[in-house]
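Trainee: Below you'll find the structure I mean.
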Amino acid sequence: MKTSARKLSAVVTGLALTALGTVFSGTAEAANPCWWGDGGMRMYCNNVSGATVYATPDTSRPVGTMYSNPSWFECRRDTGAYIGGPHPNRWLWTQADNGKWGWMKDTDIYSETDPVPTHIGNGIPQPC
(Lines give C-alpha, C1' and ligand atoms only; values in the text may rest on other atoms or scores of the structure.)
Protein backbone atom coordinates (compact mmCIF):
# COMPACT_ATOMS: atom_id res chain seq x y z
CA MET A 1 0.00 0.00 0.00
CA LYS A 2 2.84 2.39 0.77
CA THR A 3 4.28 1.90 -2.71
CA SER A 4 0.91 2.68 -4.31
CA ALA A 5 0.53 5.81 -2.18
CA ARG A 6 4.01 6.98 -3.19
CA LYS A 7 3.28 6.38 -6.86
CA LEU A 8 -0.02 8.21 -6.58
CA SER A 9 1.68 11.09 -4.78
CA ALA A 10 4.36 11.29 -7.48
CA VAL A 11 1.72 11.29 -10.24
CA VAL A 12 -0.33 13.99 -8.50
CA THR A 13 2.79 16.10 -7.91
CA GLY A 14 3.83 15.70 -11.55
CA LEU A 15 0.38 16.71 -12.79
CA ALA A 16 0.33 19.74 -10.47
CA LEU A 17 3.75 20.88 -11.69
CA THR A 18 2.71 20.40 -15.31
CA ALA A 19 -0.46 22.45 -14.75
CA LEU A 20 1.51 25.15 -12.96
CA GLY A 21 3.99 25.29 -15.83
CA THR A 22 1.12 25.66 -18.29
CA VAL A 23 -0.34 28.58 -16.31
CA PHE A 24 2.95 30.45 -16.09
CA SER A 25 4.21 29.72 -19.59
CA GLY A 26 1.63 32.15 -21.03
CA THR A 27 3.29 35.05 -19.26
CA ALA A 28 6.59 34.33 -21.00
CA GLU A 29 5.09 34.89 -24.44
CA ALA A 30 5.77 38.13 -26.25
CA ALA A 31 3.13 40.79 -25.69
CA ASN A 32 1.17 42.18 -28.61
CA PRO A 33 2.89 45.29 -29.90
CA CYS A 34 1.56 48.82 -29.62
CA TRP A 35 0.16 50.19 -32.90
CA TRP A 36 0.02 53.53 -34.71
CA GLY A 37 -3.24 55.44 -34.69
CA ASP A 38 -4.59 58.94 -35.35
CA GLY A 39 -2.89 59.13 -38.73
CA GLY A 40 0.48 58.04 -37.37
CA MET A 41 0.52 60.67 -34.63
CA ARG A 42 0.16 58.41 -31.58
CA MET A 43 0.92 54.89 -30.44
CA TYR A 44 -1.94 52.93 -28.92
CA CYS A 45 -1.18 50.24 -26.35
CA ASN A 46 -3.22 47.91 -24.17
CA ASN A 47 -2.88 48.93 -20.54
CA VAL A 48 -4.20 48.47 -17.01
CA SER A 49 -7.49 50.32 -16.56
CA GLY A 50 -7.14 52.66 -13.59
CA ALA A 51 -3.38 53.12 -14.01
CA THR A 52 -1.88 56.18 -12.37
CA VAL A 53 -0.29 58.94 -14.45
CA TYR A 54 2.54 60.84 -12.74
CA ALA A 55 3.97 64.35 -13.15
CA THR A 56 7.53 63.02 -13.50
CA PRO A 57 8.87 59.56 -14.41
CA ASP A 58 8.76 58.30 -10.84
CA THR A 59 5.95 57.65 -8.37
CA SER A 60 6.22 60.82 -6.30
CA ARG A 61 3.32 62.92 -7.59
CA PRO A 62 0.24 61.51 -9.31
CA VAL A 63 -1.56 63.90 -11.68
CA GLY A 64 -4.35 61.67 -12.93
CA THR A 65 -5.67 58.25 -13.83
CA MET A 66 -6.07 56.37 -17.10
CA TYR A 67 -9.28 54.35 -17.19
CA SER A 68 -9.30 53.85 -20.96
CA ASN A 69 -7.88 50.69 -22.51
CA PRO A 70 -6.31 50.86 -24.98
CA SER A 71 -4.73 54.23 -24.39
CA TRP A 72 -2.45 56.37 -26.53
CA PHE A 73 1.12 57.42 -25.84
CA GLU A 74 3.28 60.09 -27.43
CA CYS A 75 6.73 58.78 -26.58
CA ARG A 76 8.79 56.84 -24.07
CA ARG A 77 11.72 57.50 -21.79
CA ASP A 78 14.07 54.79 -20.53
CA THR A 79 15.69 56.92 -17.83
CA GLY A 80 12.94 57.10 -15.22
CA ALA A 81 12.79 55.62 -11.75
CA TYR A 82 13.17 51.85 -11.38
CA ILE A 83 9.81 50.08 -11.72
CA GLY A 84 10.82 46.51 -12.62
CA GLY A 85 9.50 44.44 -15.50
CA PRO A 86 11.15 43.85 -18.87
CA HIS A 87 11.89 47.59 -19.22
CA PRO A 88 12.80 48.47 -15.62
CA ASN A 89 13.22 52.24 -16.14
CA ARG A 90 10.73 52.85 -18.97
CA TRP A 91 7.95 55.44 -18.65
CA LEU A 92 5.50 56.60 -21.34
CA TRP A 93 4.21 60.13 -21.91
CA THR A 94 0.43 60.48 -22.23
CA GLN A 95 -2.59 62.54 -21.26
CA ALA A 96 -4.60 61.28 -18.28
CA ASP A 97 -8.38 61.12 -18.41
CA ASN A 98 -8.56 64.41 -16.49
CA GLY A 99 -6.61 66.16 -19.30
CA LYS A 100 -3.31 66.48 -17.42
CA TRP A 101 -0.10 65.37 -19.14
CA GLY A 102 2.20 62.94 -17.42
CA TRP A 103 4.00 59.62 -17.30
CA MET A 104 2.62 56.08 -17.02
CA LYS A 105 4.75 53.18 -15.80
CA ASP A 106 5.70 50.64 -18.45
CA THR A 107 4.61 47.93 -16.01
CA ASP A 108 1.02 49.24 -16.35
CA ILE A 109 1.08 48.50 -20.08
CA TYR A 110 0.34 45.01 -21.43
CA SER A 111 1.55 45.69 -24.97
CA GLU A 112 5.22 45.56 -25.90
CA THR A 113 6.32 49.19 -25.79
CA ASP A 114 9.51 48.90 -27.88
CA PRO A 115 7.71 50.35 -30.93
CA VAL A 116 6.81 53.54 -29.01
CA PRO A 117 9.33 56.13 -30.22
CA THR A 118 11.64 57.97 -27.90
CA HIS A 119 10.58 61.29 -29.46
CA ILE A 120 7.79 62.55 -31.67
CA GLY A 121 8.12 66.12 -32.83
CA ASN A 122 4.43 66.75 -33.51
CA GLY A 123 3.96 69.90 -31.43
CA ILE A 124 2.29 68.13 -28.50
CA PRO A 125 3.90 69.30 -25.25
CA GLN A 126 6.02 66.28 -24.37
CA PRO A 127 9.42 66.08 -22.73
CA CYS A 128 10.78 62.89 -24.26
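Trainee: In region 34-49, which residues are out of contact with any strand residue (DSSP E or B) (no Cβ under 6 Å at 6 or more places or on another chain) and open to solvent by less than 60 Å² (accessible area, probe 1.4 Å)?
Mentor: Correct list: Gly40, Asn46, Val48.
Trainee: For region 59-82, how many residues meet the condition of being open to solvent by less than 60 Å² (accessible area, probe 1.4 Å) and either charged (D, E, K, R) or under 11 Å from the mean Cα position of the chain (by Cα) (or both)?
Mentor: Step one: list which residues in region 59-82 are open to solvent by less than 60 Å² (accessible area, probe 1.4 Å), which gives 63-66, 68, 70-76, 80-81.
With either charged (D, E, K, R) or under 11 Å from the mean Cα position of the chain (by Cα) (or both) added as a condition, the list becomes 74, 76.
Qualifying residue count, region 59-82: 2.
Trainee: Kindly provide the set of residues from region 74-103 that are out of contact with any strand residue (DSSP E or B) (no Cβ under 7 Å at 6 or more places or on another chain) and under 12 Å from Tyr54 (Cβ atoms), ordered by number.
Mentor: Hit for region 74-103 is Ala81, nothing else.
Trainee: Okay, next question. Can Arg90 be described as among the basic types (Lys, Arg) and either on the phi > 0 side of the Ramachandran plot or open to solvent by 60 Å² or more (accessible area, probe 1.4 Å) (or both)?
Mentor: No: the conditions fail for Arg90.
Trainee: Do you know which residues across region 59-107 are among the acidic types (Asp, Glu) and assigned to a loop (DSSP other than H, G, I, E, B)?
Mentor: Passing the criteria: Glu74, Asp78, Asp97.
The values are calculated or read from the model by the stated rules, or taken from the named source; none is laboratory data. Note that the structure is a prediction, hence the values are computed from the model and not measured. In this analysis, Cβ positions are derived from the backbone assuming ideal geometry, glycine residues included, and neighbour counts consider all displayed protein chains. In case anyone asks, the SASA skips ligands and DNA or RNA and just uses the protein heavy atoms, side chains included. Shrake-Rupley method; radii C 1.70, N 1.55, O 1.52, S 1.80 Å.
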